[in-house]
Amino acid sequence: TDTAAVAGYRARVVALAGPALASLGEPTEGEPDLIAKLRGLLLGLVAVQGGAADAVARARGYYAAWEADPTSVDAELAAAATSVVAATGDADDYERMLHRALEGATPQDQLRHLYALAEFDSAELMERTCELAFSDRVKSQNAPFLLRLAIGNRRHGAQAWTYVRRHWAEANERFPRNTIVRMVDTVKLLDRPEQVADSAGFFSEHPIEQAVKTLEQILERQRVNAGVRERNAAHLSEYLGA
């Protein structure tokens, strides 16, 4: 990773989205739903992509308040805060969210925390999440979507995809047929040339017969993404690191 480019990217995210987030302030009674959604999106963007410590602290404050009293935090902020805590969290945060995923008060609470487990920035925790998806503790109709998010993880997606590949036969036995192609949708985000070649080779030997066209579209999008990266990576890195 180009450290200077990453720092430059984060600074630009904060410069662009930070003022917009600040302008929205705290939720007010009767505000439009889209404003609430925008606030949540911006908080997640500034905290995770921007790496802004104050935004992370703000999100953690919302999450702690939600844990104490779920009715005290706006729903959009609660959802955003959950994602931020996961994406910036450690093993202790993982355990808290795993407990919520398995024992949460409502199905919505359980699902939000289950899917948040795919966002942690840790190879060890990613392995645990993939193992969990193939266990009896996760419903077979939810597991493919947890794995889709895991494959889409910004740093450990390739690790998750390797795990799924190793357990491909089991996935096809355990999960509903119509969820298999949706599980692998985020393969399109793995945009290195060797990943494109590996995916093409894998699916030539393991076709998803119930969704041939959709799989073709996923692999085409992966090739497009890889092409965009190849054409622009050096220039973008230079620009952001300047």
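The values are calculated or read from the model by the stated rules, or taken from the named source; none is laboratory data. Note that the structure is a prediction, hence the values are computed from the model and not measured. Cβ coordinates were reconstructed from backbone atoms using ideal geometry, including for glycine residues, and neighbour counts include every protein chain displayed. Accessible surface areas use protein heavy atoms only, side chains included; no ligands, DNA or RNA. Shrake-Rupley method; radii C 1.70, N 1.55, O 1.52, S 1.80 Å.
For the chain, which whole percent of the accessible surface, found with a 1.4 angstrom probe, sits on carbon and sulfur atoms?
54 percent
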Inset, instruction - Within the range 203-225, which residues have the backbone N less than 19 Å from the label spot 7 Å out from residue 172 along Cα→beta-carbon, could you tell me? - result: 203-219
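Using only DSSP helix segments of four residues or longer, with each worth -39500 (n - 2.57), what per-residue ellipticity at 222 nm results for the chain after dividing by its residue count and rounding to 500? Write down the numbers at each step before the final one.
Values: 13 runs with 170 residues, N = 242.
Theoretical 222 nm ellipticity from helices: -22500 deg cm²/dmol.
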Inset, instruction - Be a star and scan the range 1-20 for residues whose amide nitrogen sits under 17 Å from the point 7 Å along the Cα-to-Cβ vector of residue 239. - result: 2, 4-17
Inset, instruction - Take the Cα pairs of the range 1-44, get the Kirkwood Rh, then feed it into Stokes-Einstein at 37 °C and 0.692 mPa s and tell me D in µm²/s. - result: 279 µm²/s
Inset, instruction - Please give the length that would be gained between residue 15 and residue 232 if that part of the chain were fully extended, namely 0.36 nm times their separation in residues minus their C-alpha to C-alpha distance (nm, one decimal). - result: 75.9 nm
Inset, instruction - For residue 213, put the label point 7 Å out on the Cα→Cβ axis and report which residues of the range 140-184 keep their amide N under 16 Å from it. - result: 181-182
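What percentage of all Cα-Cα pairs in the range 1-158 are separated by more than 18 Å? Can you show the working numbers first?
Details: 7425 of 12403 pairs.
For the range 1-158, the share of Cα pairs beyond 18 Å comes to 60 percent.
Once you sort the root eigenvalues of the Cα gyration tensor of the range 83-192 as a ≥ b ≥ c, which label holds: rounded (a/c under 1.5), prolate (a/b larger than b/c) or oblate (the other case)? Could the numbers behind the result be given before it?
Values: a/c = 1.80, a/b = 1.19, b/c = 1.52.
Oblate, since a/c reaches 1.5 and b/c is not below a/b.
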Legend entry - Rounded, prolate or oblate (a/c below 1.5 giving rounded, otherwise prolate when a/b exceeds b/c) for the range 42-125 by Cα gyration tensor: oblate
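Rounded to the nearest whole Å³, what is the per residue volume of the convex hull around the Cα atoms of the range 11-71? Working shown, then result.
On the way: hull volume 4.8 nm³, N = 61.
Expressed per residue, the convex hull around the Cα atoms of the range 11-71 is 78 Å³.
Over 19 Å, how big is the tail of the calculated P(r) for the range 85-140, in percent of all Cα pairs?
The calculated P(r) of the range 85-140 puts 18 percent of pairs beyond 19 Å.
How would you classify the range 133-190 from its alpha-carbon gyration tensor, with a ≥ b ≥ c the square roots of the eigenvalues: rounded for a/c under 1.5, else prolate if a/b is greater than b/c, otherwise oblate? Could you put the intermediate results ahead of the total?
Numbers: a/c = 1.68, a/b = 1.59, b/c = 1.05.
The shape class here is prolate.
Once you have the alpha carbon radius of gyration of the range 149-218, what is it after dividing by 2.2 N^0.38 Å, with N set to its residue count? Show your work: numbers first, answer last.
Details: Rg = 11.3 Å, N = 70, 2.2 N^0.38 = 11.1 Å.
The reported ratio for this selection is 1.02.
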Inset, instruction - Rank these residues by their accessible area, most exposed first, probe 1.4 Å: 93, 69. - result: 69, 93
Legend entry - Between the range 71-125 and the range 144-182, the Cα center-to-center distance that results, in Å: 19 Å
Legend entry - Rounded accessible area per residue of the range 86-196, 1.4 Å, Å²: 48 Å²
Inset, instruction - Output the peptides 197-209, 110-122, 129-141 sorted from most to least packed, where packing is the average of other Cβ atoms within 10 Å over each peptide's residues. - result: 110-122, 129-141, 197-209
